[in-house]
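First the structure, in the form of structure tokens, and then the observations on it.
The values are calculated or read from the model by the stated rules, or taken from the named source; none is laboratory data. What you see is a predicted model; the values in this text were computed from it and never measured. Glycine gets a Cβ as well: all are built from the backbone with ideal geometry, and neighbour counts include every protein chain shown. Each accessible area value is taken on the protein alone, full model and side chains, heavy atoms only, with ligands, DNA and RNA left out. Shrake-Rupley method; radii C 1.70, N 1.55, O 1.52, S 1.80 Å.
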Amino acid sequence: MENAGQKSVLKRKVALIGNPNSGKSTLFNALTGLNQRTGNFPGVTVDKKTALVRKQFGKQEVEFSYIDLPGTYSLYAKSMDEEVATNVLVDKSNPDFPDLVLIVADATSLKRSLFLAGQIIDLNLPCVLALNMMDDAQKAGISIDVQRLSNRLGIPVVPVSARNKTGLEELEQVLSEHNELPAYRFLDAASISWPAVNLVLKSFAAENIKEYPALYKAHQLFATDEKWREQLADAGFSPNTAQAEESLLRYGVIARHLEACVGKATGNAGFTQKIDRWITHKVWGYVIFLLIMLAVFQSIFYLAEYPMSWIESGFAWIQELILTSFPEGVLTDLIVNGLLAGLSGVVIFIPQIALLFFFIAMLEDSGYMARVSFIMDKLMRKIGLHGRSVIPLISGMACAVPAIMGTRTISNWKERIITIMVTPLMSCSARLPVYTLLISLVIPDKMVGGIFHLQGLVLMGMYVLGFVTAIAAAWVMNKIIKGKGRSWFIMELPVYRMPKWSNVFYLIYEKVKIFLVDAGKVILAVAVVLWFMVSFGPGDEFKQNQSRISEMEDVLENRVDFTSDKYNDHEFRDQLIYMDSLKADSINAALSILNSRQLELSYAGRLGKIIEPAIAPLGYDWKIGISLITSLAAREVFVGTMATIYGAGDDENIVPIRERMAVEKHADSGLPVYSFATAVSLLIFYAFALQCISTIAIVKRETKSWKWPAIQFTFMGALAWVASFITYQLLK
Amino acid sequence: MKADKLTSLRPGEKAIIHSLDDAEISVKLLEMGCTPGEEVTLEKVAPLGDPIAVRIAGYLLSMRLSEAETVTIRKVASN
Ligand SMILES: Nc1nc2c(ncn2[C@@H]2O[C@H](COP(=O)(O)OP(=O)(O)OP(=O)(O)O)[C@@H](O)[C@H]2O)c(=O)[nH]1
Ligand SMILES: [Mg+2]
């Protein structure tokens with residue numbers, strides 16, 4: 001008996017499993033209040049995610065531990081994401097092994113959903129079936145006799161609509177109390193391969209397993225254990241035949257259940273069909289794709305311009321304010337030229353990042369993404385990729401890290417590796433700040449053909465360049481990497497859905513936050529280190545130079561005040577003023593030489609000077625060299641680095657970094673540093689080089705070796721150097 | 001009614017699946033509901049002729065021509 005004063009909390013681990021795109025993550029979010037990514041194509045979720053929720057049911061408090069999983073069509077996983085899901089169910093020692101399985105079925109394609117459901121019932125685990133998308137089913141005129149289905153399956157069945165949050169209370173009630181194993185088995189699994197089942201049952205008699213788990217175990221043993229493979233083969237067991245046989249039997253059972261429980265009206269997918277006529281049209285299909293992309297880049301450049309300039313002037317204002325109201329000193333300098341300069345470099349790109357994620361969310365949520373892989377599969381296959389590779393490639397325009405995780409849905413090893421290797425060539429959001437800055441520096445703000453902004457076109461050109469290079473690199477790798485295994489394109493094309501706006505905006509908010517916090521951390525850290533490196537230098541030379549600067553500044557400050565009453569002789573006074581201005585000019589000239597020498601003598605300057613010979617052929621001076629080094633942490637650091645470097649020599653005026661760079665001249669020749677050739681060469685360098693620690697880390701994790709990230713870093717680096725070299729030499 | 005490959009369907013045409021001829025691919029197709037006796041309609045063909053998408057078991061399933069080639073069908077006499 002329980003102690004009355006002490007409340008006991010019932011703990012329940014519930015795993016959500018179901019077909020891809022059946023709404024598991026949407027249901028998970030509705031149950032837990034979290035905001036896991038959802039999207040209208042199969043394979044959005046590729047990793048598991050756990051959340052705890054406490055709920056009161058009468059006197060009983062229940063602590064649910066919900067686990068959202070990737071989707072799968074069957075327990076026989078065929079790709080990495082499916083494995084993540086099936087591993088949770090079949091291994092009792094897995095820490096995520098659930099007390100209760102929540103099978104999420106898409107009520108609009110119940111037939112296919114019941115296939116996996118039947119397998120789980122036969123695994124003999126306590127389970128509940130949630131019939132999701134009831135709203136869509138009703139619209140399509142599908143009527144389901146829920147009670148009857150539940151009776152026939154021997155498990156509770158609850159109709160819900162995760163998106164509209166209906167039926168959730170009933171579902172939670174059932175989840176809190178249901179404990180029983182399924183009342184009947186779905187299928188007589190032993191008949192599929194009795195000798196194999198028998199063999200496993202005998203060998204694992206102690207575990208007291210049922211027939212279907214035994215058959216399933218036979219499949220696993222066959223795949224992993226040499227001895228078992230022989231034994232099972234001798235018993236006449238063949239995995240392919242057994243799986244085919246099982247599928248046939250299951251669909252036989254399903255047909256009888258559907259006959260008894262589902263009243264079908266004429267299913268009409270008219271809306272989807274009408275749109276698809278255009279989207280997958282021979283010519284219009286590609287035209288529409290290109291137009292969408294064009295619109296995306298035009299608006300990233302021009303819609304974002306206004307908020308960006310507000311942010312820019314806002315920061316300049318704050319920096320001025322601090323400079324004028326705080327005492328001059330090391331701390332003020334660190335805040336203004338180190339922290340704020342670095343920070344403004346990040347914050348200013350929020351509007352563009354937000355727009356980019358808005359468009360990607362629209363593509364993913366509407367169902368368009370799956371169509372793009374459909375119309376691209378044939379082209380992709382020619383270069384060793386898969387139609388599905390398009391999804392990581394497109395989402396790589398936001399960030400390569402989740403995109404590379406998304407390749408888990410590609411079941412063929414070679415296709416997956418090539419996709420991983422070329423995805424970082426797609427222009428990600430971290431390159432956007434660099435591109436924007438450089439483009440606005442050397443590309444005139446003109447209109448082309450009346451409607452297109454030239455700068456926006458060039459920006460789009462950078463994205464096209466990334467894409468084309470990714471394709472070319474894939475083509476080369478396809479020739480080099482030895483492949484194994486078969487590849488297929490047997491995939492569900494989802495119906496079109498209206499994006500859920502709250503989702504879209506939450507995603508934008510989330511991504512902007514991550515961008516600010518994660519990129520911000522790196523940028524600030526780099527900014528502080530960099531500020532130190534430009535503010536101090538090795539040896540006496542640096543100090544000597546510094547004291548000369550301050551002495552000359554003293555001279556300038558202590559100049560005679562000609563406004564005083566003492567000068568009655570105005571003619572003489574004007575002569576004095578003239579002479580004084582000559583003196584001031586020459587001091588200023590000397591000062592500016594000393595100032596730029598100061599940066600050269602600093603730690604950062606010395607470092608830049610060391611690598612200058614390697615980058616001079618690309619058209620870069622040592623200052624750009626410093627930003628190339630700091631950008632190894634993350635590309636967007638470039639802008640902050642520029643701000644810090646050019647801010648260092650100049651305490652008096654805060655000007656936007658773009659204007660400051662535009663007037664930068666070579667010390668010896670007097671020509672602009674950011675000439676057309678240099679700026680384009682830099683654009684090319686940032687397009688190709690793998691300057692991103694997070695990408696390197698995720699590639700290591702996904703390929704489980706240092707080999708692939710090492711190859712990737714090297715080939716992208718070499719490509720960047722060679723391409724920039726050629727560009728600069730041709731354009732200069 | 002005569003035996004044919006799924007690739008021989010024209011857009012909008014209906015057929016009944018008769019058999020699946022490739023052991024490995026049939027495993028995948030069967031799981032997705034392409035079972036003998038099931039009705040298929042060719043709904044669309046990608047712009048370059050490959051892959052195709054068929055309506056089956058109430059949803060839209062895409063596959064490459066090489067995969068459709070392994071599916072034997074019987075055409076439903078039209079009208
Ligand atoms: N109409 C309707 N749409 C829904 C419902 N639940 C989910 N959706 C939509 O279905 C799509 C897929 O939802 P997800 O939650 O991402 O599906 P999932 O099962 O997690 O998909 P994977 O992670 O790819 O396996 C999204 O566009 C959702 O908005 C529902 O109850 N009704
Ligand atoms: Mg999901």
Residues satisfying the stated conditions in the range A:225-243, i.e. over 17 Å from A:PHE186 (Cβ atoms) and facing chain B (nearest Cβ under 10 Å): A:SER238, A:PRO239, A:ASN240, A:THR241
Just to be sure I understand, how many residues within the range A:230-248 are under 41 Å from the mean Cα position of the chain (by Cα) and open to solvent by 40 Å² or more (accessible area, probe 1.4 Å)? 5
A:VAL468, sole failed condition from (1) open to solvent by less than 10 Å² (accessible area, probe 1.4 Å); (2) closer than 23 Å to A:MET716 by Cα: (1)
Within the range A:352-425, considering only helices (runs of 4 or more DSSP H) that don't extend past its boundaries, which have at least 2 residues that are within 16 Å of ligand 1 (Cβ to nearest atom), away from chain B (no Cβ under 14 Å) and under 30 Å from A:ALA304 (Cα atoms)? A:390-395, A:400-406
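Residues checked against (1) surrounded by fewer than 22 Cβ atoms within 10 Å (Cβ to Cβ); (2) modelled with pLDDT of 95 or more:
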site: A:SER675; (1), (2): yes, no
site: A:LEU690; (1), (2): no, no
site: A:ILE693; (1), (2): yes, no
site: A:ALA697; (1), (2): yes, no
site: A:LYS700; (1), (2): yes, no
site: A:TRP706; (1), (2): yes, no
site: A:ALA710; (1), (2): yes, yes
site: A:THR714; (1), (2): yes, yes
site: A:LEU719; (1), (2): yes, yes
Would you mind finding the one in B:ILE56, B:ILE73, B:ILE25 that is touching a Cys at 6+ places or on another chain (Cβ under 7 Å) and of a type outside the set (Lys, Arg)? B:ILE56
B:CYS34 is checked against (1) open to solvent by less than 10 Å² (accessible area, probe 1.4 Å); (2) facing another protein chain (nearest Cβ under 8 Å) and fails just one. What number does that condition carry? (2)
Got at least one residue in the range A:143-157 being crowded, with 23+ Cβ neighbours inside 10 Å, more than 14 Å from chain B (Cβ to nearest Cβ), within 16 Å of ligand 1 (Cβ to nearest atom) and touching a residue at least 12 places away in the same chain (Cβ under 8 Å)? yes
When the residues of the range A:63-84 are narrowed to those that are closer than 17 Å to A:ILE410 by Cβ, within 14 Å of chain B (Cβ to nearest Cβ) and open to solvent by less than 30 Å² (accessible area, probe 1.4 Å), which ends up modelled with the lowest pLDDT? A:SER79
Go through the residues of the range A:259-272 one by one and say whether even a single one is touching a residue at least 60 places away in the same chain (Cβ under 8 Å) and closer than 20 Å to A:LEU524 by Cβ. no
Does the range A:362-374 contain any residue that is of a type in the set (S, T, N, Q), out of contact with any Gly (no Cβ under 9 Å at 6 or more places or on another chain), open to solvent by 20 Å² or more (accessible area, probe 1.4 Å) and at pLDDT 85 or above? yes
Filtered residue count, the range B:1-36, keeping only those that are under 23 Å from A:ALA77 (Cα atoms) and assigned to a strand (DSSP E or B): 1
Of these, A:ASN94, A:ASN40, A:ASN35, which one is open to solvent by less than 20 Å² (accessible area, probe 1.4 Å), part of a loop (DSSP other than H, G, I, E, B) and either more than 22 Å from A:GLY118 (Cβ to Cβ) or away from ligand 2 (no atom under 12 Å from the Cβ) (or both)? A:ASN40
Kindly check whether there is at least one residue in the range A:64-86 that is within 16 Å of ligand 2 (Cβ to nearest atom), in a strand (DSSP E or B) and aromatic (Phe, Trp, Tyr). yes
Being in a helix (DSSP H, G or I), open to solvent by 50 Å² or more (accessible area, probe 1.4 Å), out of contact with any His (no Cβ under 9 Å at 6 or more places or on another chain) and under 22 Å from A:GLY329 (Cβ atoms) is the requirement here; does A:ASP585 meet it? no
Picked from the range A:132-142 (must be away from ligand 2 (no atom under 16 Å from the Cβ) and more than 14 Å from every other protein chain (Cβ to nearest Cβ)), the residue most open to solvent (accessible area, probe 1.4 Å) is A:GLN138
Could you list, ordered by first residue, the pairs with Cβ atoms under 6 Å in which the first is in the range A:160-177 and farther than 10 Å from A:ALA130 by Cα and open to solvent by 10 Å² or more (accessible area, probe 1.4 Å) and the second is more than 16 Å from ligand 2 (Cβ to nearest atom) and not polar (S, T, N, Q), at least 6 apart or interchain? A:ASN164/A:ASP135; A:GLU170/A:VAL158; A:VAL174/A:VAL128; A:VAL174/A:PRO156; A:VAL174/A:VAL158; A:SER176/A:PHE57; A:SER176/A:VAL62
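Residues checked against (1) away from chain B (no Cβ under 14 Å); (2) open to solvent by 60 Å² or more (accessible area, probe 1.4 Å); (3) away from ligand 1 (no atom under 16 Å from the Cβ); (4) of a type in the set (D, E, K, R):
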{"position": "A:LEU16", "(1), (2), (3), (4)": "yes, no, no, no"}
{"position": "A:LYS49", "(1), (2), (3), (4)": "yes, yes, no, yes"}
{"position": "A:LEU52", "(1), (2), (3), (4)": "yes, yes, yes, no"}
{"position": "A:GLU61", "(1), (2), (3), (4)": "yes, no, yes, yes"}
Inside the range B:37-58, the number of residues satisfying the requirement of being within 28 Å of A:LEU75 (Cβ to Cβ), open to solvent by less than 10 Å² (accessible area, probe 1.4 Å) and facing chain A (nearest Cβ under 8 Å) is 2
